[in-house]
Every structure is written in C-alpha cells, then in structure tokens.
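Data first, discussion second: the structure below is written as structure tokens.
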Amino acid sequence: MTASRTTDQVAGEAAQRRHLFDVDALTVNGIAQILDEAERMTEPMGAPLRGKTVINFFAEASTRTRVSFQIAAGRLGAQVVNIAADGSSLEKGESLVDTVRTLQAVGAHALVIRHAEPGAPYLAARHFRGPVINAGDGRHAHPTQALLDLLTMRRLFGTLRGLIVAIVGDVTHSRVARSTALGLLLCGAQVRLCAPPTLLPHPGWIAALPPSGEGGTVLQTTFMRDALDGAQVVMTLRMQAERQQNGLLPNLKEYVRMYGITTARLAELAPDAVVMHPGPVNEGVEIAPELMTGRVSLISQQVENGVLVRMAVLKLLLGETGE
Ligand code: ASP
C-alpha cells in the first residue's frame, strides 16, 4: 500500500473486490482466476452454496442473464429468489434503497441486480452486507457478460493475448461493448469498435482506459473494412433502442447495408473467424439469420458459458467466506 492512497480509496478497493460491479476492478490475473474457476464448474462439486440465499433482482428486462444466474445459483445448491420490478413494491413507489434494506432484512446472502440506472449496484452495495453482483446497469457495465465472452473466446483460441476482435453496432449505448472491450484490453487483445459516428462514444473514453500491460489495444472506426480486416472474432451488438435518442440513426436499411454482418462480409475476416452476439438478437438487422447458428456462430456457446461464469462468480464471492 502506498502512502498516497487515502483510507477511503483503500476501503473502496476492498469493497470492489467483495462485489462484482465491473471488469475495471479486476486484474488480468483476477480475470484468469474467474475463467479457470468457470472451467471447473462442469466437474461434480456437491453443493458449496447450500444454506445461502441468492436474490435475483431484475428491475429491467432480461432472459439469458436472469435465467442463467438462477440456474447457476441452483446448481451450487443455493436457494434462489427472483424479483422483478413488476409486482414488487418498487411499483408502489418504494425506493431502491428501501427494497435492498428489505432484502437484507429477510436474510439474503448475495444480491444479483439489474437496473436501468447506471450505478445502481454501487448504491445497493452500501445498504447490503453480502456481495452485490452487477447484472447490467443502464449503459454502464455488464461484467458477467464480459467474462462469459472472454471465456468463450479463450476456449476457442486458447489465449486472448493478440486476438483481433471487432465489436460492431450500437457501441455508445451498449454496456456489453464497454465491459467486454475493457476485459479484452486487460487480457491483451486488439479491439476494434465500429459503428456509425452517432453510435460511437467520445474518443476520450479510450484515453481514459487503464493501460493493458498485456499489449492490448482499443481503437474506434466508422469503417467496416478497417474493423473487419483480418479480425478473428466479430461481435455484433443490438440497437439499444430503449436508450437512444431520436435521430441517431435516420435510416435502418442503410445501417443494415453498411454495418450488418452477412455471409458476404465474412470474407473480410480471417479464415475460420467466428461471430458472437450477446443477445437478444434483432435478426436481419445487426446479423443475418443464417449466421446465428452453424460453424461460424458462437452464440449458443456464449449462453452455455454464461451459466459456468455465473457459477464461478457466485462461488468465488459467496463460497468460502461464509457471508
Ligand atoms: N443482453 C445484453 C444486455 O443486457 C445485451 C442487450 O440487451 O443488447 O446488455
């Protein structure tokens, strides 16, 4: 510990290690530890979280993330309680903080939270004793999606170091793009973010990223040929219509023509390149329907690996500590 770090900073860092808010609190070794743990999750292990209660609190729509957290916690032997905003007291005007205090009081040991407001998991963690896991907060972060993406790529290519990954689509509104690009950068990949100018974030965010240490780079481009040339992975993103302002994309057909991933476009990628998508997919917009399955698609592996990664995260945060 250096003398220049304040007590608050040290406490903040310790809190980040106990929760999973985003990939930015992880090191390359921390990421590897989670991915290695995820690889072990197919082995028989008994019920390491027996006696623990995990609350799956989803105040925003979800299929894959919600269900896979539920399955993951169940496979580890935990009791799982699902809460959606609809039907909860949030509808009656209860604040997020009061909801979290209630979940604490009923004896929950871990809180998995999805919320439309960026930062909601950080706020929740101030009122909850156990680990808080961010399952997506507005356009900010989606760390377990990033980790499952990293696991999927590492399984296929053996390493993330030097891997060329194009992330194409609504980058500016996508928490997946942010978290996955950050994770890839930390692990030494070469990330290319590609979108029309209105859907790319201010380039200043790249300058603010932590140095990779592993030789990773991130660049932004509006030109598909620059993004795809020699890329080994292309990850397409859904249009985040729920977060867009009007006028960012005047013509969807034009977008599909310029940025849609099609069989013809695959020729621009490295031979044997693969296609990923975090889902849900708008078929025929960001990706042609025929590319969603088959040899080039890793989409179903992403979903399968999501369960393993969420098991690993729950076990590491809740397992031996006896929270
Ligand atoms: N399922 C991902 C998320 O929750 C991606 C998306 O919704 O487009 O961010």
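Values quoted throughout were computed directly from the atomic coordinates according to the rules given, and no laboratory measurement underlies them. Being a predicted model, the structure only gives us computed values, none of them experimental. Here Cβ is always computed from backbone atoms with ideal geometry, including for glycine, and neighbour counts include all displayed protein chains.
Key figures
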item	result
For segment 19-60 versus segment 202-257, the gap between their alpha-carbon centres in whole angstrom	28
Debye, to nearest 20: dipole size of segment 72-214, +1 on Lys, Arg Cβ, -1 on Asp, Glu Cβ	400
Peptides 187-200, 281-294, 26-39, 63-76 ordered by average Cβ neighbours within 10 Å, highest first	187-200, 63-76, 26-39, 281-294
Extension gain, Phe223 back to Arg155 (0.36 nm per residue minus Cα-Cα distance, nm)	21.6 nm
Nearest-20 debye value, segment 159-250 charge dipole, Cβ charges on Lys, Arg, Asp, Glu	120
Distance between modelled label sites at Thr63 and Ala267, nm, 7 Å Cα→Cβ extension	3.3
Residue-averaged [θ]222 nm for the chain, counting only DSSP H segments that reach four residues, each worth -39500 (n - 2.57)	-11000 deg cm²/dmol
Which of Ser95, Ser297, Ser179 has the fewest Cβ neighbours within 10 Å, and the rest in rising order	Ser95, Ser297, Ser179
Extension reserve of the Gln79-Val97 stretch, reckoned as 0.36 nm per residue once the Cα distance is removed	4.2 nm
